[in-house]
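**Q** Please read through the structure below; I'll follow up with questions.
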Amino acid sequence: MVNKPESILVVDDAPETLEVLRRNLTSKGYQVFTAPGVDDALRILDSETVDLVITDYKMPRVSGLDLVRHVRENLNDTEVMMITGYASIGGAVEAVKYGAEDYLAKPFTDEELFAAVERALDKLHTRRVSHVGAQKEPTETYGILGSSPAITKVFGFIDKTAKTPATVLITGESGTGKELVARAIHYRSARAAAPFVPVNCGSIPEGLLESELFGHLKGAFTGALETRAGFFQTADGGTIFLDEISETSLAMQVKLLRVLQDKEVCMVGDTRTRKVDVRIVAATNKDLSNLVKKGLFRDDLFFRLSVITITVPRLAERADDILILAKHFADRFSKEIDKPPIHFSDSVLKAFEKYDWPGNVRELENVIQRLVIMSDSNVVKASDLPSLMRFSAPRQRGLQRTLAEVEKTHIRNVLDSVNGNKTRAAEILGIDRKTLREKLRH
C-alpha cells in the first residue's frame, strides 16, 4: 500500500507566490492546498487534514500571525511556518513566540524552502510517534516490542516457524533480541509446556562444553564427583537454544551434527548413547556461510542448522520502534527505582532517531537506564545524552592524537556535515556503508 503524501497548505495574498510555491512543493511529491487569505485557509483546515501550514506574515484583514496562533491552539497535529517579505528580528521573534516552526525571509531559494519544510515535517513525525508511545501501550508480540515493517516481518516468520519441528538459525547483530525470537518460537510451538534451555556456547570454556551439553558420568574426569545430565537431556521434549554457535570448535561441531542426525547424545565417560527429543534453535551474529568458506565452520552442520533462517533487523532498521522502545524502558526503569516517569525533549527524540545504535536494542536499554538514574529533572535534554550521541563542534587539538582518534573525529565531522546520512558519509569517506557501520560500532 502506498503511503498518503504529506499535505501542505500555502497561504499568501500574492497569486504569483502561491503558484510558485504550489508548483515547487508539488514537484517534491507533497499534496498542496493554496489559499489567498486566512479566511480561505480556515475553511480548508476545517475540511482537510493538513500536516504543515506555510503562511505569509502580512496579509489584508487577518495577519499570518493570527493564523499561526490559530493552528497552534486548535490543531495539535499540524506544524506551521512563516514566510515574509518584511523580514525583521522582531517579526521573527513574534512568529516563533506564537509557535511558528520556522521563519523564512523572501526571497529564499528552493533549497532553503525544501530544507525548512523537511525540518518542520520531521518534527511533526517525531511528535506523532512520541505521542503514540505516550498515549497507548506499545505493541507487544511474543514479548517483542514494535510494529515497524522490519519487525512485523520477523513476527510472520515466528508464526510460520513455530508450527513446524524444523531446525532454525537466527542471525543478527549483538543486542537485536535473537533469544527473544527463539523463546517466541518455542512458546508458540507444540513444545511450549516443555523446557526452553538457553546455552551461550561462547561463554563456556571449550574443555567443558561437551560435558555441559551432553552430561557426564561420575569419575569421567577430574572433578566429576557425580553423574550429571547435560543441557540436551534437560531440554528433552522442548527446545535448546544454542547462542553464539559460531564459537564452537570443529570437533564440537561434529558432535552436534551427530545429535541433529541421530537424535542421540553420548555422555562424557559413557559408551552408550541416549535418545533425546529436542528441537534445536541456533543463533549467531557472524556470517556462517563466510566461516564455511574459510574452513572455520562445517558446511554439513551449517546446512542442517539453516533449514529455516530468520534475520533479526538492526535497531536502525526499525526506526519507527525506537521511540516506543525508549518510552517502554523509561517507564520500566522509573518504576524499578520508584522515580517519577521521565519525558524526552524534542532534541533528544531527534538524536535517538539520527543515532545509528551500533549496540541495537541492548544499547538503547542501557542508555535509557542511565538517563533514568542520572537525570535530575523529569525532562531529559540533549545535554544529558552520552557524548557519542551529541553534536560536538570540531576542536584544534594539535599533533598529540593517535591515528585512531583522528579517524574517529573525521568520521564524526563528516556525519554531522551530512546530518547523519550514512550513505552520503560513506561516499565522502571513500568506504562502503558496511565498513562505516563497523567503524561506528568500534
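All of the numbers you see were taken from the coordinates with simple rules; none came from a lab. Quick caveat, the model's predicted, so the values are computed rather than measured. Please note: Cβ atoms are built from the backbone with ideal geometry, for glycine as well, and neighbour counts cover all protein chains shown.
**Q** With bins 10 Å wide starting at 0, give me the P(r) of region 293-348 over every alpha carbon pair, in whole percents.
**A** It works out to 17, 27, 20, 16, 18, 3, in whole percents.
**Q** Quick check: from the Cα gyration tensor, does region 144-311 come out rounded (a/c under 1.5), prolate or oblate?
**A** Cα axes put region 144-311 in the prolate bin.
**Q** Follow-up question, since we're still on this one. Strictly over 31 Å apart at the Cα level, which of Lys178/Lys293; Lys160/Lys339; Lys153/Lys275; Lys294/Lys350 would you flag in this model?
**A** Lys160/Lys339; Lys153/Lys275; Lys294/Lys350
**Q** Shifting gears a bit: Students often forget the sequence filter, so: which lysines lie under 19 Å Cα-Cα from Lys28 once same-chain residues fewer than 8 apart are removed?
**A** Lys4, Lys123
**Q** At 1.567 mPa s and 4 °C, plugging the Kirkwood radius over alpha-carbon pairs of the chain into Stokes-Einstein gives what diffusion coefficient in µm²/s?
**A** Result for D is 50 µm²/s.
**Q** Taking +1 at the Cβ of each Lys and Arg and -1 at the Cβ of each Asp and Glu, which of Tyr57, Val406, Ile322 sits farthest along the dipole of the chain towards its positive end, judged by Cα position relative to the Cα centre?
**A** It is Val406.
**Q** Let me ask something else about it. Quote the charge dipole size of region 289-442 about the Cα centre in Debye, to the nearest 20; the model charges only the Cβ of Lys and Arg (+1) and of Asp and Glu (-1).
**A** 480
**Q** Now for a different question. If we count other beta carbons within 10 Å of each Cβ, what is the order of Thr273, Thr49, fewest first?
**A** The order, fewest Cβ neighbours first, is Thr49, Thr273.
**Q** Please report the projected area of region 316-387's Cα convex hull averaged over all directions, in nm².
**A** It is 4.3 nm².
**Q** Based on the Cβ-Cβ distance of Ala251 and Ala193, what FRET efficiency does E = 1/(1 + (r/R0)^6) give at R0 = 25 Å, to the nearest 0.05?
**A** 0.15
**Q** Output needed: percent of Cα pairs per 10 Å distance bin for region 182-263, bins running from 0 to the one holding the longest distance.
**A** 17, 45, 32, 5, 0
**Q** Could I ask something else about it? Under a point spin-label approximation (7 Å from Cα along Cα-to-Cβ), what is the Arg390-Asp40 distance to one decimal in nm?
**A** 4.8
**Q** Roughly what % of DSSP beta bridges within the chain run antiparallel, to the nearest 5? Mind showing how you got there, number by number?
**A** Details: 6 of 43 bridges.
Restricted to the chain, the bridges split so that about 15 percent are antiparallel.
**Q** Among the lysines, which have Cα under 16 Å from the Cα of Lys58 when same-chain residues fewer than 8 positions away are ignored?
**A** Leaving aside lysines fewer than 8 places away in the same chain, those within reach of Lys58 are Lys106.
**Q** Right, another one. Of Ala194, Ala229, Ile204, whose Cα points farthest to the positive end of the dipole of region 187-231 (charges on the beta-carbon: +1 Lys, Arg; -1 Asp, Glu; origin at the Cα centre)?
**A** Sorting the options by dipole projection puts first Ala194.
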